Structures are given as C-alpha cells and as structure tokens.
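Trainee: One structure, as structure tokens, below. Some questions next.
The values are calculated or read from the model by the stated rules, or taken from the named source; none is laboratory data. Bear in mind that the values here come from a model prediction, so they are computed numbers and not experimental data. Cβ: placed from backbone, ideal geometry, glycine included. Neighbour counts: every protein chain shown. Calculation scope for accessible area: heavy atoms of the full protein, side chains included, ligands and nucleic acids excluded. Shrake-Rupley method; radii C 1.70, N 1.55, O 1.52, S 1.80 Å.
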Amino acid sequence: VKENQKRKTHAVRYAPGEHKLLWRGFASFAEGKTYKDFKKEVIKEYLGDDGKRLYLLGDLKILVSDAARAGFRSSSEFKTYSRNFRIVADYLVKHSVLRDEEHDHLFIKGLPEQLQRTVLKRLKVKCPDVLAPRQPYSVAQVTEATEFVL
C-alpha cells in the first residue's frame, strides 16, 4: 500500500481492539500527515523515549508488589507473573539497571507471604547448597518449587 492514509488505515486494523480508537486519534493519523509520522507516534506511545527506556526499576517493583498482594489462584496465574517478570527484569539486567542477584531476589518477593514461606521450605530441602538469604535462589529454582507447591 503506497498511499499514506491507506497505510495508516491498514495499520490500525492490526491494533488490539481497545487501541484502534487511540491510534485513530493521533494527530499524525489525519489527512496530509505521512505514514512515517504516524508510525513514529505509535512507537512513542508504546515505547516512549524512542524505545531507549522501555522499562524502569519502578515498573518491576510495581509488578512484584501487585503480584504479592493479588496472589495466584492457579499455576497459570503464576506463569503469567513469571513471564511478565522475566520480560521486565531481563530488560533491566541487559541495560545494567539491575544486577542478576537483585533479579533473583525480587522474583520471590512477588509471591504472597504464605506461598513464599511454603516455597522457601521446599527450596531449603531441594537446594541445600544455596546460602539463602545472602545468596538468592534463582528464578528457575523458585519457579520449579512454586509449581510443585501450586
């Protein structure tokens, strides 16, 4: 599709349902604006700062505290937390905002208190070589223990 307006209209088709109105409301969606301008505005909306700072440490802390407060009613909910945590935390580690030890330490903090205690008991038995709390359990170890408990 070569015409700017047609390209923008086609792009909006692929936006998630609740985002279509937002995209159509961008100033760059108007007639006379280029597709390049529209694309830049969409990217800025989702990535901000031209994608240079996709996540902040505060984003991870909010994710962890929300998960701990809400809890997990199923293994599926825990896996959703785990995926979201790894997306944000791995980004922060890659960009030197977070150290690996902090990454592992924060992951278990996302478990509700009672589940956290049960998982830690399981980990002490399964991983006696880890010197917790000075040496945190890895995300993989916590995940395995949590899935066992749930």
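Trainee: Charges only on Cβ, +1 for Lys and Arg, -1 for Asp and Glu: so what's the dipole of the chain about the Cα centre, in debye to the nearest 20?
Mentor: Values: 29 positive and 20 negative charges, 91 e Å.
Computed about the Cα centre, the dipole is about 440 debye.
Trainee: Could you work out the percent of alpha carbon pairs in the range 65-150 separated by over 17 Å, rounded to a whole number?
Mentor: On the way: 1588 of 3655 pairs.
That tail contains 43 percent of the Cα-Cα pairs.
Trainee: Based on the alpha carbons, how large is the Rg to Rh ratio for the chain when Rh follows Kirkwood? Write down the numbers at each step before the final one.
Mentor: Details: Rg = 20.9 Å, Rh = 18.0 Å.
Dividing the radius of gyration by the Kirkwood radius yields 1.16.
Trainee: So what are the range 1-71's ellipsoid semi-axes, whole angstrom, largest first, if each one is the square root of 5 times an eigenvalue of the alpha-carbon gyration tensor?
Mentor: On the way: eigenvalues 205, 41, 14 Å².
For the range 1-71, the semi-axes come out at 32, 14, 8 Å.
Trainee: Determine the order of Lys79, Lys20 by accessible area, beginning with the largest, at a probe radius of 1.4 Å.
Mentor: Most to least solvent-accessible, the answer reads Lys79, Lys20.
Trainee: Does anyone have the angle between helix 75-94 and the longest principal axis of the chain? Alpha-carbon axes, 0 to 90°, nearest 10?
Mentor: 70
Trainee: Tell me, what is the 1.4 Å probe accessible area of Val119, in Å² to the nearest 10?
Mentor: 0
Trainee: Can you tell me, using C-alpha contacts under 8 Å and at least 6 residues apart, the relative contact order of the chain as a whole percent?
Mentor: Once normalised by length, the contact order is 18 percent.
Trainee: Enter the accessible area per residue of the chain (Å², integer; probe 1.4 Å; all protein chains in place). Write down the numbers at each step before the final one.
Mentor: Numbers: 10140 Å² over 150 residues.
Dividing the accessible area of the chain by its residue count gives 68 Å².
Trainee: Using a 1.4 angstrom probe on heavy atoms only, work out the carbon and sulfur share of the accessible area of the chain in %. Intermediate results must be reported in sequence, preceding the final value.
Mentor: Details: 5390 of 10140 Å².
Answer for the chain is 53 percent, counting heavy atoms of protein chains only.
Trainee: What do you get for the angle between helix 139-149 and the principal long axis of the chain? Use alpha-carbon atoms, 0 to 90 degrees, nearest ten.
Mentor: Compared with the principal axis, the helix lies near 70 degrees.
Trainee: Something else: Give the residue list of trypsin sites (Lys or Arg not before Pro) in the range 113-150 that are DSSP loop and have at most 16 other beta-carbon atoms within 10 angstrom. Intermediate values should be presented prior to the final figure.
Mentor: On the way: sites: Arg117, Lys121, Arg122, Lys124, Lys126, Arg134; in loops: Arg134.
Here the trypsin sites (Lys or Arg not before Pro) that fit, given the DSSP loop and packing criteria, are Arg134.
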